[in-house]
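The values are calculated or read from the model by the stated rules, or taken from the named source; none is laboratory data. Note that this is a predicted model, so its numbers are computed, not measured. Virtual Cβ from ideal backbone geometry, glycine too; neighbours counted across all protein chains shown. Please note that ligands, DNA and RNA were not included when accessible areas were found on the heavy atoms of the full protein model with its side chains. Shrake-Rupley method; radii C 1.70, N 1.55, O 1.52, S 1.80 Å.
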Amino acid sequence: MDRRGTKRRGENIEVAEPRNKLPGPAPSMPTDPALYSGSFPFYRRPSELGCFSLDAQRQYHGDAQALRYYSPPPTNGQGPNFDLRDGYPDRYQPRDEEIREGLDHLLRWLLDHRGQLEGGPGWLAGAIVTWRGHLTKLLTTPYERQEGWQLAASRFQGTLYLSEVETPAARAQRLARPPLLRELMYMGYKFEQYMCADKPGSSPDPSGEVNTNVAFCSVLRSRLGNHPLLFSGEVDCIDPQAPSTQPPTCYVELKTSKEMHSPGQWRSFYRHKLLKWWAQSFLLGIPNVVAGFRNPEGFICSLKTFPTMEMFEYVRNDRDGWNPSVCMNFCAAFLSFAQNTVVQDDPRLVYLFSWEPGSPVTVSKHQDAPYAFLPTWYVEAVTQDLPSPPKTPSPKN
């Protein structure tokens with residue numbers, strides 16, 4: 001009830017600030033899964049272009065210094081018994097979520113490497129640049145029943161940039177986050193600390209601080225349908241024992257979930273949580289998700305590996321399950337919708353795509369603040385580098 005009330009207040013705020021909202025067409029896009037149930041679309045195997053790290057102060061480094069190494073406990077027939085509450089809240093440094101980073105770190109990487117991209121500026125001019133997390137939200141949209149989203153889109157030098165906007169409802173939820181939920185978030189990071197070492201061959205050290213500013217991010221190139229993609233996603237660790245040392249196939253995703261005791265609990269897990277795990281890892285090309293199952297006291301009692309390409313098998317015969325083809329077809333259709341909608345090449349002009357469960361995706365047009373997200377330093381550097389911008393590609397039918 002509170003959430004709906006907050007949402008209405010958020011919408012009223014939106015209406016009360018029309019100064020930078022521009023008139024324009026109001027197309028919409030349906031999200032019903034039945035509309036996207038065709039065969040699986042073409043998705044090019046993601047290839048890593050590079051990486052970057054964020055340190056304990058959230059400062060950018062164009063290297064792999066934040067990469068950690070998968071170091072699971074020995075399998076001796078007993079549960080690992082990791083205490084996920086250890087260190088909370090004394091040895092916990094959470095990232096400041098009030099700071100909205102947008103695409104800034106990815107753009108910093110792009111600025112340093114755009115000259116080395118295969119295909120050069122011409123390839124980039126036809127590409128979509130975004131975070132993996134934004135694409136994950138698109139993949140899961142046909143099956144999402146609770147949380148809406150907003151994506152800001154701008155076209156600059158031909159490239160389409162997509163950056164998430166925090167919805168009023170999401171902001172209200174974040175600010176009112178209950179202590180238990182904050183502790184559960186900590187537990188997920190603590191699990192990574194138990195499972196990862198700083199150097200290959202060494203052991204994890206769970207006695208240190210959990211600092212969520214620190215991140216290692218992979219930058220990848222792919223293609224969905226006819227949409228070239230350049231995107232980045234945070235990676236938990238690399239497996240030194242992986243059959244292939246080629247990223248991203250040597251990366252491992254780490255997750256936690258509550259212990260389950262009944263078929264109904266497992267069914268719900270497969271329908272909802274596994275969908276998000278699949279979308280996240282499939283996009284990046286990560287082959288395995290290692291899950292730690294915690295008991296009510298906050299101890300990890302068992303570990304289970306879920307190969308990404310086998311996750312769909314858990315819901316294949318479930319009438320209320322999810323389908324990877326629907327997820328990818330919807331994402332491809334949304335990217336076409338965005339490419340055809342965002343026709344003006346202007347870094348200060350934002351097309352805001354908004355979606356709430358049970359509704360179609362809608363779009364509105366805005367100039368400058370509060371939605372413009374391409375930083376001046378990026379726009380100026382790219383403009384100086386390319387004095388004569390390429391013509392905006394005409395929308396594809």
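Give me the percent of DSSP beta bridges within the chain that run antiparallel, rounded to the nearest 5.
Working: 53 of 70 bridges.
Here the share of antiparallel DSSP bridges comes out near 75 percent.
Taking only the Cα atoms of region 298-365, how large is their convex hull per residue, in Å³? Numbers along the way, then the final one.
Values: hull volume 14.4 nm³, N = 68.
Each residue corresponds to 212 Å³ of Cα convex hull volume.
Provide the packing ranking of 300-307, 245-252, i.e. peptides ordered by the mean count of other C-beta atoms within 10 Å per residue, highest first.
Values: 300-307: 15.4, 245-252: 18.6.
Output ranking for 300-307, 245-252: 245-252, 300-307.
Select from Asp86, Asp96, Asp239 the residue whose mean-square fluctuation is largest in a Gaussian network model of the chain (Cα-Cα springs shorter than 10 Å).
Asp96
Within region 44-58, find all residues whose amide N lies under 14 Å from a label point positioned 7 Å from the Cα of Glu209 along Cα-to-beta-carbon.
55-58
Averaging sequence separations of C-alpha pairs under 8 Å and six or more residues apart, then dividing by the length of the chain, give the relative contact order as a whole percent. Numbers along the way, then the final one.
On the way: 717 pairs, mean separation 114.3, N = 397.
Here the relative contact order equals 29 percent.
In degrees between 0 and 90, to the nearest 10, how far off the longest principal axis of the chain does helix 274-284 point, with axes built from Cα atoms?
Once rounded, one gets 60 degrees.
Hey, what's the Kirkwood Rh for region 99-253 if you take every pair of different alpha carbons, in angstrom?
18.2
Strictly over 29 Å apart at the Cα level, which of Lys137/Lys258; Lys199/Lys273; Lys137/Lys304 would you flag in this model?
Values: Lys137/Lys258 23 Å; Lys199/Lys273 31 Å; Lys137/Lys304 25 Å.
Over 29 Å apart, Cα to Cα: Lys199/Lys273.
Could you work out the local net charge near Thr245, counting Lys and Arg as +1, Asp and Glu as -1, over the other residues with Cβ closer than 12 Å to its Cβ?
On the way: positive: none; negative: Glu48, Asp239.
Summing Lys and Arg as +1 and Asp and Glu as -1 gives -2.
Extension gain Trp266-Glu147, at 0.36 nm per residue separation less the Cα-Cα distance, in nm?
Details: separation 119, 0.36 × 119 = 42.84 nm, distance 2.19 nm.
Difference between extended and current length: 40.7 nm.
Taking +1 at the Cβ of each Lys and Arg and -1 at the Cβ of each Asp and Glu, which of Leu84, Gln57, Gly225 sits farthest along the dipole of the chain towards its positive end, judged by Cα position relative to the Cα centre?
Gly225
Hey, what number do you get for the chain at 222 nm if only DSSP H runs of n ≥ 4 count, each worth -39500 (n - 2.57), divided across all residues, to the nearest 500? Can you show the working numbers first?
Numbers: 10 runs with 109 residues, N = 397.
So the helix-based figure for the chain works out to -8500 deg cm²/dmol.
Quantify, in whole percent, the carbon and sulfur part of the accessible surface of the chain (1.4 Å probe; protein heavy atoms only). Numbers along the way, then the final one.
On the way: 9810 of 19480 Å².
Roughly 50 percent of what the probe reaches on the chain is carbon or sulfur.
Only Cα pairs within less than 10 Å get springs; with that Gaussian network setup on the chain, which residue of Phe191, Phe269, Phe216 has the largest fluctuation?
Of the options given, Phe269 has the highest mean-square fluctuation.
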